[in-house]
Amino acid sequence: MDRKISVIGAGFVGATAAQRVAEKQLGDVVLVDIVEGIPQGKALDLTEAAPVEKHDAKITGSNNYEDTAGSDVVIITAGIPRKPGMSRDDLLATNAKIMKSVVTEVAKYSPNAVLIIVSNPLDAMCHVAYEASGFPKQRILGMAGVLDSARFRSFIAMELNVSVENTHAFVLGGHGDTMVPLPRYSTVSGIPITELMPPDRIEALVQRTRNGGAEIVSMLKTGSAFYAPASSATEMAEAVLKDKKKILPCAVLLQGEYGYNDLFIGVPVKLGNKGIEEIIEIKLLPEEKIALDKSAEAVRGLVATLAKLNY
Ligand code: APR
């Protein structure tokens, strides 16, 4: 195939993303991990599924970044996931080190790639990737808003007993407890959910969305969510590879937009083959802006901690 997608980290999220990318025939896939044998074994298994799934994407496993050379998109999932009782922020020091080393290698071999960051704590990992890559901000995308919106959409569909396809949801802010779901921009077939549900039910769904990752961690006990994160990263990759001009909520570097400077935070952006083609600024109500400020403060705090770490 004429496009190349590398997925770094062949764990739960990475391997599932590789599967989705290959099955959607977005391009050939290179799966990389630090552990020998894991990416090779998973790539071979996925290759053997291809005749049944009816696709011709070439899937290769490797421990060597040379094999990622010339990638159009690189999805980075390397790192450790949460365990019950841990917040995403508890992963900061370990994953910052991993992210820096991974991105340095990725950037060397794929200087024109668009990077999709998945490892947590997401917004802080985007800062690490931005600095380590030296890439323009248009090519560093954090995967959080698509996932958080997908969770909100699932809960809306369950609550109203409607097709998920009719739902649309808007979640801004950092990928953590302070994320900002926006009910008045969340709709079922264009009808705001504020007209379809009482405020207490909306608040319950908002809270469940904020807690969406932890809800799954508490059930799995040994890891965190991976199906929906992999699907979300794949949707972003597809928007870039197919130059779709699709508007998706992504963590991006804001430089003045929404009143924030030098901060990665989730906002709606237009994605095309150059990465971010436009940051879309929507008008926020005063209480929404206050909630977004709180979320931005949480990200800023984490970035300040990051600056003190010797990673
Ligand atoms: N280089 C490459 N791969 C690495 C490195 C490294 N330096 N360090 C760790 N890895 C690999 C691990 O070997 C493992 O295979 O990253 C993979 C992570 O996979 P899992 O432990 O299964 O974790 P996963 O559930 O996929 O989550 C990965 O995504 O959603 C986030 O919070 C989550 O930060 C976590 C990340």
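The values are calculated or read from the model by the stated rules, or taken from the named source; none is laboratory data. Values in this document were obtained by computation on a predicted structure and should not be read as measured data. Every residue, glycine among them, receives a Cβ derived from its backbone with ideal geometry; neighbour counts consider all protein chains shown.
Results for (1) modelled with pLDDT of 95 or more; (2) over 13 Å from residue 291 (Cβ atoms); (3) touching a Lys or Arg at 6+ places or on another chain (Cβ under 6 Å); (4) of a type outside the set (Ser, Thr, Tyr), shown as yes or no for each residue.
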position	(1), (2), (3), (4)
163	yes, yes, no, no
177	no, no, yes, yes
189	yes, yes, no, no
205	yes, yes, no, yes
213	yes, yes, no, yes
218	yes, yes, no, no
221	no, yes, no, yes
Next on the checklist: Taking the condition of being over 15 Å from residue 249 (Cα atoms) and not β-branched (Val, Ile, Thr), how many residues in region 156-182 meet it?
Outcome noted: 9
Next on the checklist: Can you pull out every residue in region 131-153 that is within 12 Å of the ligand (Cβ to nearest atom) and outside any helix (DSSP H, G or I)?
Outcome noted: 142, 143, 144
Next on the checklist: Would you confirm whether or not region 87-95 contains a residue that is out of contact with any Phe, Trp or Tyr (no Cβ under 6 Å at 6 or more places or on another chain) and assigned to a loop (DSSP other than H, G, I, E, B)?
Outcome noted: yes
Checklist entry - Scanning for something crowded, with 19+ Cβ neighbours inside 10 Å and either touching a Ser or Thr at 6+ places or on another chain (Cβ under 7 Å) or without any contact (Cβ under 8 Å) to a residue 40 or more places away in the chain (or both), does region 159-166 turn up at least one residue? => result no
Checklist entry - Among the candidates 35, 13, 102, which residue alone is near the ligand (Cβ under 10 Å from one of its atoms), of a type in the set (Val, Ile, Thr) and in a loop (DSSP other than H, G, I, E, B)? => result 35
Item to check | Residue count for region 182-196, restricted to those that are free of Cβ contacts under 8 Å to residues at least 40 places away in the same chain and assigned to a loop (DSSP other than H, G, I, E, B) | outcome: 4
Item to check | Hits in region 116-130 - residues which are outside any loop (DSSP other than H, G, I, E, B) and either assigned by TED's automatic domain parsing to the domain that holds residue 243 or within 23 Å of residue 304 (Cβ to Cβ) (or both) | outcome: 117, 122, 123, 124, 125, 126, 127, 128, 129, 130
Item to check | Where residue 149 falls short, out of the listed (1) crowded, with 20+ Cβ neighbours inside 10 Å; (2) among the polar types (S, T, N, Q); (3) in contact with a helix residue (DSSP H, G or I) (Cβ under 8 Å, 6 or more places away or on another chain) | outcome: (3)
Next on the checklist: Can you report the number of residues in region 1-10 which are more than 8 Å from the ligand (Cβ to nearest atom), over 18 Å from residue 51 (Cα atoms) and either assigned to a loop (DSSP other than H, G, I, E, B) or not aliphatic (A, V, I, L, M) (or both)?
Outcome noted: 4
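Within region 105-122, work out how many residues are over 14 Å from the mean Cα position of the chain (by Cα), within 11 Å of the ligand (Cβ to nearest atom) and in contact (Cβ under 8 Å) with a residue 60 or more places away in the chain.
Summing the residues that are over 14 Å from the mean Cα position of the chain (by Cα), within 11 Å of the ligand (Cβ to nearest atom) and in contact (Cβ under 8 Å) with a residue 60 or more places away in the chain in region 105-122 gives 1.
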Checklist entry - Counting residues that are more than 16 Å from the ligand (Cβ to nearest atom) and out of contact with any helix residue (DSSP H, G or I) (no Cβ under 8 Å at 6 or more places or on another chain), which helices (runs of 4 or more DSSP H) fully inside region 197-311 reach at least 1? => result 199-210, 227-241, 286-308
Checklist entry - Which of the residues belonging to region 181-202 are of a type in the set (D, E, K, R) and surrounded by 13 or more Cβ atoms within 10 Å (Cβ to Cβ)? => result 184, 201
Checklist entry - Does residue 93 fit the bill of being outside the structural domain of residue 299 (by TED's automatic domain parsing) and surrounded by fewer than 17 Cβ atoms within 10 Å (Cβ to Cβ)? => result yes
Checklist entry - Taking residue 37, is it without any contact (Cβ under 8 Å) to a residue 24 or more places away in the chain and of a type in the set (Gly, Ala, Ser)? => result yes
Checklist entry - Can you tell me which of 74, 21, 30, 52 is more than 11 Å from the ligand (Cβ to nearest atom), within 25 Å of residue 129 (Cβ to Cβ), without any contact (Cβ under 8 Å) to a residue 60 or more places away in the chain and not in a loop (DSSP other than H, G, I, E, B)? => result 30
